[in-house]
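> The structure that follows is given in the form of structure tokens.
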């Protein structure tokens, strides 16, 4: 019995002693820190995704406090809510930011963009793209090896096994920009989420001339310029045989998409078109098909 | 041309070397020691070895397939080696259920929990032996008498035990006996000559480099040699230290395990010398008569640290420091 | 026998086309001459669509100091200037010339006579080499005139001729040495003059005994002073610049430095021949010897090819493409690039085309690293490949830099030897690029 007692007493004394020493040392070397850093950090999502451009949430919190205004500081995963809270803590106003979302500017699934060779190197887009143009005739399109999937901290991108293209989960994507920075082909882009998640964009990055592009991928932008003419808001520009829709100027009027002979312009989350328009689309398709054959 | 052309980064050729080739090479190197074990301990040795291999391979298969849910990679041969080495590290009269428990610990805990081959921190067979030694000290140190021993004892003591406890009982033909394997001990550790043959094979096939085994054996020899010169008693006899106990088996087959030994030449030397030094310390001043397994286990733990602090000799370094 | 001190592997040599006489390939219908395919700044096309060009005419002006001129290798009409797929796997600017006849510039001496004497000053020689658009023909395509102009404060002491050809399969340099020993030796004396030195070493691997004997004989019969033949033990990557210097003169180039740091200048043997032709015969770099080889190629051989000839045309000379081809490699098996089609043009760095059978073409399934350290022992630069691969995979760039990832010469010994089939070099190459970008950004 006495052995147990001695053990308990000795352990307690040692424990208490150590605690005391730790406390003293902690007091002596205490670093005075702006308490607001902790407060700001508490409202941040703690994902440490780096989407704000700072190393982790702590870095962003310090940056918010040091900065004179919150202009240009944005927490993409937290969005406007979090920035409002941060602004409240710091007594400043948050600049309104629109919610963005990552989109893939490539629609070349296995069917539309047939494989011409077989890549067998390490499974990494960065390595494959440093080696050559890719498994298909298109040297601009998605490689489908999933660097974006690996880099996403929010589990928001997954490769669709049927198309071998990554798909973005709108619920989970926080527009942190990690995948955009990672993609060696630079075909991921942050675009405005749009009202009711409605978006229109050119889902292609091929800068080859029309014929060459079309040969390697049936849904490539061939740089014909029909969409540029159709757009009444000057939102579509054409450079290097590739059309681009500026999401700041686009009013989602849907005039461009039916014009596209290769269906390279993608409309997301819109209600289905009326009967008449649908026939028009197919007509255009038929015309181009006869042209090509 | 039916298939699409393959594209991959250079190099486009491979040496043809593979994990299984290396593993089966080690198995071949273990054959002489295995034959000596059968000669010395009879069919018990065969039984224990075969069962140990079956247990290890079986456990690895079951764990990989049903617990880790991935394709079992039995064919690489690493589980077979682990099985053989575990058998070589136990007495040939060990009860089967203890052996099975040891195999489960070896494969299940030491190897597979870390992610299988390549990810384990400790050499599975060494950790398994120590687990058994600590859990079943009596069974693990009840040595059967070698078949060809002239004395008519039922159990016998290892050379190291005798040296530690009763140096006067050592046989006059001791050196010759230990060299050819006629001594008590774990199943596969007795025949120094056979183990050295294995070492020669491994070096010839370039499966291992000389750095680890030679530095361990050299350190043990030099360290005990110095002690012997200062104080010439049988306990310090360097030749007996070199040839007896598990030193040869450990230095040649266990310490050189790829996964748990350092990767750089200088690291290998640090590792080998430390094992040699620790082994002698454990043998002379520790509670157990044998210390090689503890020394290897301890240095396994230091391997990542050694890897971190030793770098290979870089090209152009000589000039850069000029 | 000499060799380099650290690491190295010995792949199967498979030199099927050794001893096969160089065959001149017929002119193609259309030559595709890339203007941006070489190391350094791309050259600028100075011809336009519809222009008539002659063989040897300058068509691409060098775009800076580290850049090279591009000449027309055929005569005919410029069809277009457009992006075209080359060995890099990407489309790059190229000049397409429709071949019409074979009309050469008048000042090019096409006679086979050996011209021994060279009365030009070193500066004039270097100028001529630069004008001729000569780049390293070993594969790296580094402009030759840059190597011959040591930076201020550095002097060359010895010229080392790289006649190692350590890549398995390839024999183009070997055959060139057997057929043009005198021209190469004169080329060596010209290079020595350009560098203002009187010592040169020709490093030849011991598997080319005939070339070693021939050169020793010709040095005597031509009475050339200061040139020495060193036979080297067969070991890959002995043809690496740093490894060759170590093997030949026992000096190691420090990390990050150029060979001139230890007083050496290394030139490939084919480059030396091109230098001879440029300086003595006024012939710019418009053709080269290409090896067509592979286990199931019917008649492997060495071919003299005009640059810009599509590889398919060259391959026809060696019989058709084998049925069981699974992979086509431009260059040797250790450092060459797999290509997607044979429509790419022969470039200055194309030493060979290797056809690998379907069976050889595939990689094995990647296993866990077992830390066997074979890559560490095999690395000729004394690096730790498996660690560098991990650093790249997990993007630990500071550690990768500290462990000298930028020293990697991409020889592939690590991937070649790895028993777990790990794609070590794939990752290291990526990490090397990333770290170099980081270093450049920091130095700005």
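The values are calculated or read from the model by the stated rules, or taken from the named source; none is laboratory data. Bear in mind the structure is a predicted one, so any value in this text is a computation, not a measurement. Cβ placement follows ideal geometry from the backbone for every residue including glycine, while neighbour counts extend to all protein chains displayed.
> Among A:175, A:213, A:205, A:162, which is the only one that is part of a loop (DSSP other than H, G, I, E, B), at negative phi and either assigned by TED's automatic domain parsing to the domain that holds residue A:44 or surrounded by 21 or more Cβ atoms within 10 Å (Cβ to Cβ) (or both)?
Step by step, each of A:175, A:213, A:205, A:162 is checked, and only A:205 is part of a loop (DSSP other than H, G, I, E, B), at negative phi and either assigned by TED's automatic domain parsing to the domain that holds residue A:44 or surrounded by 21 or more Cβ atoms within 10 Å (Cβ to Cβ) (or both).
> Okay, moving on. So which residues in the stretch C:69-90 are surrounded by 17 or more Cβ atoms within 10 Å (Cβ to Cβ), within 14 Å of another protein chain (Cβ to nearest Cβ) and in contact with a strand residue (DSSP E or B) (Cβ under 6 Å, 6 or more places away or on another chain)?
C:81, C:83, C:84, C:85, C:86, C:87
> Tally time: how many residues in the stretch B:75-98 are touching a helix residue (DSSP H, G or I) at 6+ places or on another chain (Cβ under 8 Å) and either without any contact (Cβ under 8 Å) to a residue 12 or more places away in the chain or within 14 Å of another protein chain (Cβ to nearest Cβ) (or both)?
Count: 7.
> Let me ask something additional. Across the stretch B:264-278, what is the number of residues that are under 30 Å from residue C:253 (Cα atoms), more than 10 Å from every other protein chain (Cβ to nearest Cβ) and buried (at least 17 other Cβ atoms within 10 Å of the Cβ)? Steps first, answer last, please.
Within the stretch B:264-278, the first condition is being under 30 Å from residue C:253 (Cα atoms), and the residues that meet it are B:264-270.
Within this subset, residues satisfying the condition of being more than 10 Å from every other protein chain (Cβ to nearest Cβ) are B:266, B:269-270.
Okay, now just the ones that are also buried (at least 17 other Cβ atoms within 10 Å of the Cβ), so B:269-270.
Residues flagged as under 30 Å from residue C:253 (Cα atoms), more than 10 Å from every other protein chain (Cβ to nearest Cβ) and buried (at least 17 other Cβ atoms within 10 Å of the Cβ) within the stretch B:264-278 amount to 2.
> If you don't mind, another one. Mind listing whichever residues of the stretch A:108-123 are more than 23 Å from residue A:212 (Cα to Cα) and either facing chain C (nearest Cβ under 7 Å) or more than 23 Å from the chain's Cα centre (by Cα) (or both)?
A:120, A:121, A:122
> For the stretch B:284-311, how many residues are surrounded by fewer than 24 Cβ atoms within 10 Å (Cβ to Cβ) and not in a helix (DSSP H, G or I)?
Count: 6.
> When the residues of the stretch C:402-429 are narrowed to those that are touching a strand residue (DSSP E or B) at 6+ places or on another chain (Cβ under 8 Å) and either farther than 15 Å from residue A:122 by Cα or in the same structural domain as residue C:331 (by TED's automatic domain parsing) (or both), which ends up surrounded by the fewest Cβ atoms within 10 Å (Cβ to Cβ)?
Residue satisfying both the conditions and the ranking: C:417.
> What about residue B:72, is it free of Cβ contacts under 8 Å to residues at least 40 places away in the same chain, under 30 Å from residue A:127 (Cβ atoms) and away from every other protein chain (no Cβ under 12 Å)?
Working: free of Cβ contacts under 8 Å to residues at least 40 places away in the same chain: yes; under 30 Å from residue A:127 (Cβ atoms): yes; away from every other protein chain (no Cβ under 12 Å): yes.
Spelling it out, residue B:72 is indeed free of Cβ contacts under 8 Å to residues at least 40 places away in the same chain, under 30 Å from residue A:127 (Cβ atoms) and away from every other protein chain (no Cβ under 12 Å).
> So is residue A:176 more than 14 Å from chain C (Cβ to nearest Cβ) and under 28 Å from residue B:11 (Cβ atoms) or not?
No: the conditions fail for residue A:176.
> Looking at (1) more than 14 Å from chain C (Cβ to nearest Cβ); (2) modelled with pLDDT of 90 or more; (3) buried (at least 20 other Cβ atoms within 10 Å of the Cβ), find the lone condition where residue B:281 falls short.
All conditions are met except number (3).
Quick grid of which residues meet (1) within 18 Å of the chain's Cα centre (by Cα); (2) within 20 Å of residue C:179 (Cβ to Cβ); (3) in contact (Cβ under 8 Å) with a residue 24 or more places away in the chain; (4) outside the structural domain of residue C:350 (by TED's automatic domain parsing):
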position: C:269; (1), (2), (3), (4): yes, yes, yes, no
position: C:275; (1), (2), (3), (4): yes, yes, yes, no
position: C:297; (1), (2), (3), (4): no, no, yes, no
position: C:302; (1), (2), (3), (4): yes, yes, yes, no
position: C:306; (1), (2), (3), (4): yes, yes, yes, no
position: C:311; (1), (2), (3), (4): yes, no, yes, no
position: C:316; (1), (2), (3), (4): no, no, no, no
position: C:319; (1), (2), (3), (4): no, no, no, no
position: C:322; (1), (2), (3), (4): no, no, yes, no
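> Right, something else. Out of (1) more than 9 Å from chain C (Cβ to nearest Cβ); (2) within 30 Å of residue C:320 (Cβ to Cβ), what's the single condition that is false for residue B:53?
(2) is the only condition that residue B:53 fails.
> Checking residue C:310 against (1) away from chain B (no Cβ under 12 Å); (2) surrounded by fewer than 24 Cβ atoms within 10 Å (Cβ to Cβ); (3) at positive phi, only one condition comes out false. Which one?
Failed condition: (3).
> Turning to a different aspect of this structure: Can you name the residue in the stretch C:329-371 that is at the interface with another protein chain (Cβ under 7 Å from one of its Cβ atoms) and part of a helix (DSSP H, G or I) and is also nearest to residue A:127 (Cα to Cα) among such residues?
Residue satisfying both the conditions and the ranking: C:361.
> Which number in (1) within 14 Å of chain B (Cβ to nearest Cβ); (2) out of contact with any helix residue (DSSP H, G or I) (no Cβ under 9 Å at 6 or more places or on another chain); (3) at positive phi marks the one condition that residue C:263 misses?
The one condition residue C:263 does not meet is (2).
> Another question, then. Name the residues in the stretch B:284-308 that are within 14 Å of chain C (Cβ to nearest Cβ) and at pLDDT below 90, would you?
Once the filter is applied, which keeps residues that are within 14 Å of chain C (Cβ to nearest Cβ) and at pLDDT below 90, the stretch B:284-308 yields only B:308.
> Now a separate question. Report, by residue number, each residue of the stretch B:6-55 that is under 16 Å from the mean Cα position of the chain (by Cα) and within 15 Å of residue B:96 (Cα to Cα).
Passing the criteria: B:49, B:52, B:53.
> From the residues in the stretch A:138-147 that are more than 9 Å from chain C (Cβ to nearest Cβ) and either outside any helix (DSSP H, G or I) or in contact with a strand residue (DSSP E or B) (Cβ under 9 Å, 6 or more places away or on another chain) (or both), which one is nearest to residue C:341 (Cα to Cα)?
Step one: filter the stretch A:138-147 for residues more than 9 Å from chain C (Cβ to nearest Cβ), giving A:138, A:140-147.
Still in the running and either outside any helix (DSSP H, G or I) or in contact with a strand residue (DSSP E or B) (Cβ under 9 Å, 6 or more places away or on another chain) (or both): A:138, A:140-146.
Numbers: A:138: 14, A:140: 18, A:141: 19, A:142: 20, A:143: 19, A:144: 21, A:145: 22, A:146: 26 Å.
Checked the stretch A:138-147; the qualifying residue nearest to residue C:341 (Cα to Cα) is A:138.
> If you don't mind, there's one more thing I want to ask. Being within 11 Å of another protein chain (Cβ to nearest Cβ) and buried (at least 24 other Cβ atoms within 10 Å of the Cβ) narrows it down to one residue among C:432, C:399, C:374; which is it?
The match here is C:374.
> Looking at (1) in contact with a helix residue (DSSP H, G or I) (Cβ under 9 Å, 6 or more places away or on another chain); (2) more than 9 Å from chain B (Cβ to nearest Cβ); (3) more than 24 Å from residue C:12 (Cα to Cα), which is the one condition that is false for residue C:422?
Going through the list (1) in contact with a helix residue (DSSP H, G or I) (Cβ under 9 Å, 6 or more places away or on another chain); (2) more than 9 Å from chain B (Cβ to nearest Cβ); (3) more than 24 Å from residue C:12 (Cα to Cα), residue C:422 breaks only (3).
> Additional query: Could you tell me whether residue B:276 is part of a helix (DSSP H, G or I), touching a residue at least 60 places away in the same chain (Cβ under 8 Å) and over 30 Å from residue C:404 (Cα atoms)?
yes
> In this structure, is residue C:382 under 17 Å from residue A:128 (Cα atoms) and within 26 Å of the chain's Cα centre (by Cα)?
no
> Select from the stretch B:100-110 the residues that are surrounded by fewer than 24 Cβ atoms within 10 Å (Cβ to Cβ) and touching a residue at least 24 places away in the same chain (Cβ under 8 Å) and list them in ascending order.
Passing the criteria: B:100, B:101, B:104, B:105, B:108.
> Give just the number: which of (1) farther than 19 Å from residue C:131 by Cα; (2) surrounded by fewer than 18 Cβ atoms within 10 Å (Cβ to Cβ); (3) touching a helix residue (DSSP H, G or I) at 6+ places or on another chain (Cβ under 8 Å) does residue C:66 not satisfy?
If we test residue C:66 against (1) farther than 19 Å from residue C:131 by Cα; (2) surrounded by fewer than 18 Cβ atoms within 10 Å (Cβ to Cβ); (3) touching a helix residue (DSSP H, G or I) at 6+ places or on another chain (Cβ under 8 Å), just (1) comes out false.
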